[in-house]
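The values are calculated or read from the model by the stated rules, or taken from the named source; none is laboratory data. Because the structure is a prediction, the values reported are computed rather than measured. Glycine also receives a Cβ, built like all others from the backbone with ideal geometry; neighbour counts cover every protein chain displayed. Note: areas computed on protein heavy atoms with side chains; ligands, DNA, RNA excluded. Shrake-Rupley method; radii C 1.70, N 1.55, O 1.52, S 1.80 Å.
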Amino acid sequence: MALILASTSAIRRQMLNAAGVPHEAVKPNVDEDALKARIGDAVDTATQIAAAKALSVGGSEDWVIGSDSVVSVDRRMFDKPRNRDEAAEHLRFFSNKTLLLTSAVALIRAGTLNWQHSETARLKVRSLSDKFIVDYLDAEWPEVGYTVGVFRLEGRGVQLFETIDGDHFTILGMPLIPLLGALRERGLLLS
């Protein structure tokens, strides 16, 4: 029986590795755009996509972790930027607003949802000048192009914010502490 992470996210793999959770990473086979078109709010979107990712790769006896993050600002959900110009547009829109980052995680076994959890963090974006945005993207592109909020909190992205209210791991992209508890409850980690 294997523990599989249905993700290509380097930060999610790093979180599990740092926590001592043995796993293998497999790319999920999910059309996220099609799912997002049918789902309403950020919490539902993140939880349903997390579950869909896990369901797309699981075998009959494998435990599969799926995770997803959604950013919304002023009730508008954002995808990963398609290019650097769109990343700059996102950052200009985020400037001086509160960014809500919802991360969800799901555990699947034998094609059945066994457990799921979501959390939302509130990140107050400071006023961002055009000069700052250009300099920031010069330093952080293309890495931030793979993130839904155009930032890596573990990098220069921390400079975008005035205040942060929420769990560190949730902001990185996966509610790790609740996941570790769920893995212990199922005997996948020592308690």
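Working from Cα pairs under 8 Å separated by at least six residues, relative contact order for region 42-188 is 26 percent. Roughly what angle does helix 130-140 make with the longest principal axis of the chain, taking Cα atoms, 0 to 90 degrees, to the nearest 10? Between helix and principal axis, roughly 40 degrees. Solvent-accessible area of the chain (1.4 angstrom probe, protein heavy atoms only): carbon and sulfur portion equals 46 percent. Entry comment: accessible area of region 1-147 is 49 Å² per residue, from protein heavy atoms only and a probe of 1.4 Å. Between region 123-191 and region 6-56, the C-alpha centres lie 15 angstrom from each other.
Assuming 0.692 mPa s and 37 °C, estimate D for region 122-191 with Stokes-Einstein, Rh taken as the Kirkwood radius over Cα pairs, in µm²/s. Write out the running numbers ahead of the final one.
Values: Rh = 14.0 Å.
After rounding, the answer is 235 µm²/s.
Between 0 and 90 degrees, rounded to the nearest ten: what's the tilt of helix 84-94 against the longest Cα principal axis of the chain? For helix 84-94, the angle is close to 80 degrees. Every Cα-Cα pair in the chain was counted, and those over 27 Å apart are 28% of them. Calculated FRET efficiency, Arg92 to Thr163, Cβ-Cβ distance, R0 = 22 Å: about 0.65 to the nearest 0.05. Does region 12-77 classify as rounded, prolate or oblate by the C-alpha gyration tensor (a ≥ b ≥ c root eigenvalues; a/c under 1.5 gives rounded; else a/b over b/c gives prolate, otherwise oblate)? Oblate, since a/c reaches 1.5 and b/c is not below a/b.
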